[in-house]
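To start, the structure itself, in structure tokens.
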Amino acid sequence: DAGITQSPRHKVTETGTPVTLRCHQTENHRYMYWYRQDPGHGLRLIHYSYGVKDTDKGEVSDGYSVSRSKTEDFLLTLESATSSQTSVYFCAISGQGPSGANVLTFGAGSRLTVL
Amino acid sequence: GESVGLHLPTLSVQEGDNSIINCAYSNSASDYFIWYKQESGKGPQFIIDIRSNMDKRQGQRVTVLLNKTVKHLSLQIAATQPGDSAVYFCADLDSGGSNYKLTFGKGTLLTVNP
């Protein structure tokens, strides 16, 4: 997956527990993103980062926080997991596609189940 | 609100046939369109993109057609192979001004029968 590693790949946790998902890139890209993917929905942006310590909210940011202390690492934290946060989470970095579009390269995903 | 959607949620084809996956969009300000392929258990993978000032772009065995008049986008896969079985989804990008917005469709499942 083009230099993007997500961990853990699978996690089962209980409601109310904190969870941190990690995204590590070796591409030295400035922009990094966290998306969630759920049946019946397209990919939805949770948070993104445009540099070290520079982050902003996406369309579904409630219940999530992020941190980026190094260019290569972008962490997604669920402070108190809820069942509605059961999902597959994808990290992405962006680069320019052949036509000039901002094209995302995704990691392999982290499947989170909140019981 | 504005959204990107797909006409067909599933598509089943025979190996060797050509496949056409369709997508409708509503944001007339979108200036790029992107197709992704997602195999089971993997992250989405970029296939091809097209800028809004073009109506056709070709890649390796794939062609994207853009019809801005009816706000329609399609992905054509030539000589479909079993390895093409995946979910395909389009995305539209509005990169103008300060409202940079990338919207993903929900996806079409392509099944290739041997």
- prompt: Once Lys and Arg get +1 and Asp and Glu get -1 on their Cβ, which of A:His41, A:Ser61, A:Gln25 lies farthest toward the positive end of the dipole of the range A:22-73?
  reply: A:Gln25
query: In Å, what Rg and Dmax follow from the Cα atoms of the range A:19-92?
result: 11.7, 34
field: Straight-distance crosslink candidates among lysines, where the alpha carbon sits under 23 Å from A:Lys53 and sequence neighbours closer than 8 are dropped
entry: A:Lys70, B:Lys101
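Based on the mean of other beta carbon atoms within 10 Å per residue, what is the order of A:80-88, B:11-19, most packed first?
Ranking the peptides A:80-88, B:11-19 by packing returns A:80-88, B:11-19.
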- request: Round to the nearest 0.05 the FRET efficiency obtained for A:Arg30 and B:Lys101 when R0 = 30 Å and r is the Cβ-Cβ distance.
  value: 0.95
task: In nm, give the distance between the simple-model label positions of A:Thr82 and B:Gln76, each being 7 Å from the Cα along the Cα-to-Cβ direction.
output: 4.7 nm
- line: Taking the convex hull of the alpha-carbon atoms of chain B and averaging its shadow over every direction gives an area in square nanometres of 7.1 nm²
- prompt: Across the protein assembly as shown, how large is the tail of the calculated P(r) beyond 28 Å, expressed as a percent of all Cα pairs?
  reply: 31 percent
message: Let me spell out the model: positive unit charges on the Cβ of Lys and Arg, negative unit charges on the Cβ of Asp and Glu, origin at the Cα centre of chain A. What dipole size does that give, in debye rounded to 20?
response: 120 debye
- prompt: Quick one: putting +1 on the C-beta of Lys and Arg, -1 on the C-beta of Asp and Glu, what dipole do you get for the range B:60-114 around its Cα centre, in Debye to the nearest 20?
  reply: 100 debye
- prompt: For the protein assembly as shown, with only Lys/Arg (+1) and Asp/Glu (-1) charged at the beta-carbon, what is the dipole magnitude about the Cα centre, in debye rounded to 20?
  reply: 140 debye
field: Dipole of the protein assembly as shown [Lys/Arg +1, Asp/Glu -1 at C-beta], most positive-end residue of A:Val88, B:Thr10, B:Gln45
entry: B:Gln45
field: Complex-versus-alone comparison for the range B:52-72, residues with a loss of 20 Å² or more in accessible area, probe 1.4 Å
entry: B:Arg57
query: Which percent of the accessible area of chain B is formed by carbon and sulfur heavy atoms (probe 1.4 angstrom)?
result: 47 percent
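The values are calculated or read from the model by the stated rules, or taken from the named source; none is laboratory data. Here the structure is a predicted model, which is why all the values come from computation and not from measurement. As a convention, Cβ positions derive from the backbone with ideal geometry for all residues, glycine included, and neighbour counts pool all protein chains shown. For the accessible areas, the whole protein counts, side chains as well, though only heavy atoms, and no ligand, DNA or RNA atoms are used. Shrake-Rupley method; radii C 1.70, N 1.55, O 1.52, S 1.80 Å.
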